[in-house]
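The values are calculated or read from the model by the stated rules, or taken from the named source; none is laboratory data. Predicted model, so just to flag it, every value in this text is computed and none were measured. As a convention, Cβ positions derive from the backbone with ideal geometry for all residues, glycine included, and neighbour counts pool all protein chains shown.
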Amino acid sequence: MSRICRVVCGLVVVIMAASVAGASLIAEHTGAQDPIAAGNLGHIDDTYGTDSTAWVPLYSAYPPVSTIAGPDTSGAVDAWWLTGTYRAYNYIPTAADYTALEAGFKVSVNVRIPTADVPLDFQPVVEYAGNNLRYYIVFGSNASGEQMIQVNTANTAGSYTVSGGTINDFALTELVYDPVAGNADLFVNGTERISNINPISSTLKRFYWGSNAPGASGAGHFNLVSLEVVPEPTSFILVLLAGGLMLARRRSKL
């Protein structure tokens, strides 16, 4: 193995290790578990919650939970289903969380929309807000039942439709924010679909998901909702990589 290859391989390992070490999960919902029961500290709160250690409902006036939310274990993918009138779950990150999130973050959502022809207009939604920026991801479906996804309904990047999907299919959506670029990219099922999405300026502080509309138009089956710190490689590591390559080339010429 050449000196250059050894240097490059070694520095790639350093960069990968630094990225993995820096990743940190802030909040997560998985599978068919009740978000409130799982948190064990959930309470109804109209003011976007005061609990930083559990999911809390966003709205104070609810029908019985069993009529609008519940576990979905009928298919190959377990999920928590939401339908009916305004059922959403909120998490308030701590000050330390927000400091960590300044390094970069990822919002992940694995969801299916069980009804066809749902418009992209604050229906099933996932939102992150903090550090003076805000992103919300809205989900819908076309007349064929293919899932549609859009970030910030006013953005000029448009929406993405999961071609060939049906109302029975889940799609994994990931919004990855780069603080150096000051914008985010949207990945669907592992492929980048919308790039350079600018945030909305906001003083809100919250991470919430759920149904933001009544009836079938707000329905969503959520297998995964998560917020995690995903730091970009530091300038120091990039400089180290460039310097190492230069040094290796020099030595190879001796």
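The table below gives the values:
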{"read-out": "Residue in the stretch 148-163 that is surrounded by the most Cβ atoms within 10 Å (Cβ to Cβ), counting only those that are closer than 30 Å to residue 72 by Cβ and among the aliphatic types (A, V, I, L, M)", "value": "151"}
{"read-out": "Matching residues in the stretch 140-166 - criterion: being under 19 Å from residue 222 (Cα atoms), of a type in the set (A, V, I, L, M) and modelled with pLDDT of 95 or more", "value": "148, 149, 162"}
{"read-out": "Out of 229, 225, sole residue that is in contact (Cβ under 8 Å) with a residue 60 or more places away in the chain and within 16 Å of residue 126 (Cβ to Cβ)", "value": "225"}
{"read-out": "Selection from the stretch 104-152 of residues that are of a type in the set (Lys, Arg) and closer than 25 Å to residue 178 by Cα", "value": "106, 134"}
{"read-out": "Residue that is farthest from residue 149 (Cα to Cα), among those in the stretch 77-114 that are surrounded by 20 or more Cβ atoms within 10 Å (Cβ to Cβ) and among the β-branched types (Val, Ile, Thr)", "value": "92"}
{"read-out": "All positions within the stretch 164-175 that are buried (at least 17 other Cβ atoms within 10 Å of the Cβ) and under 15 Å from residue 227 (Cα atoms)", "value": "173, 174, 175"}
{"read-out": "Test: residue in the stretch 183-203 that is closer than 19 Å to residue 117 by Cβ, out of contact with any Ser or Thr (no Cβ under 9 Å at 6 or more places or on another chain) and touching a residue at least 24 places away in the same chain (Cβ under 8 Å)", "value": "no"}
{"read-out": "Any chance residue 77 is touching a Ser or Thr at 6+ places or on another chain (Cβ under 6 Å) and either of a type in the set (A, V, I, L, M, F, W, C) or at pLDDT 90 or above (or both)", "value": "no"}
{"read-out": "Filter result for the condition that a residue is in contact (Cβ under 8 Å) with a residue 60 or more places away in the chain, part of a strand (DSSP E or B) and not acidic (Asp, Glu), over 129, 100", "value": "129"}
{"read-out": "Any pair with Cβ under 7 angstrom, 6 or more apart, that starts in the stretch 161-180 at a residue that is without any contact (Cβ under 8 Å) to a residue 60 or more places away in the chain and basic (Lys, Arg) and ends at one that is part of a loop (DSSP other than H, G, I, E, B) and loosely packed, with under 15 Cβ neighbours inside 10 Å", "value": "none"}
{"read-out": "Filter result for residue 189 (surrounded by fewer than 17 Cβ atoms within 10 Å (Cβ to Cβ) and in contact with a strand residue (DSSP E or B) (Cβ under 6 Å, 6 or more places away or on another chain))", "value": "yes"}
{"read-out": "Any hit, the stretch 59-73, residues being in contact with a helix residue (DSSP H, G or I) (Cβ under 8 Å, 6 or more places away or on another chain), modelled with pLDDT of 85 or more and hydroxyl-bearing (Ser, Thr, Tyr)", "value": "no"}
{"read-out": "All positions within the stretch 160-171 that are assigned to a loop (DSSP other than H, G, I, E, B) and in contact with a strand residue (DSSP E or B) (Cβ under 8 Å, 6 or more places away or on another chain)", "value": "162, 165, 167, 168, 169, 170"}
{"read-out": "Selection count where residues are assigned to a strand (DSSP E or B) and within 22 Å of residue 26 (Cα to Cα), scope the stretch 172-196", "value": "13"}
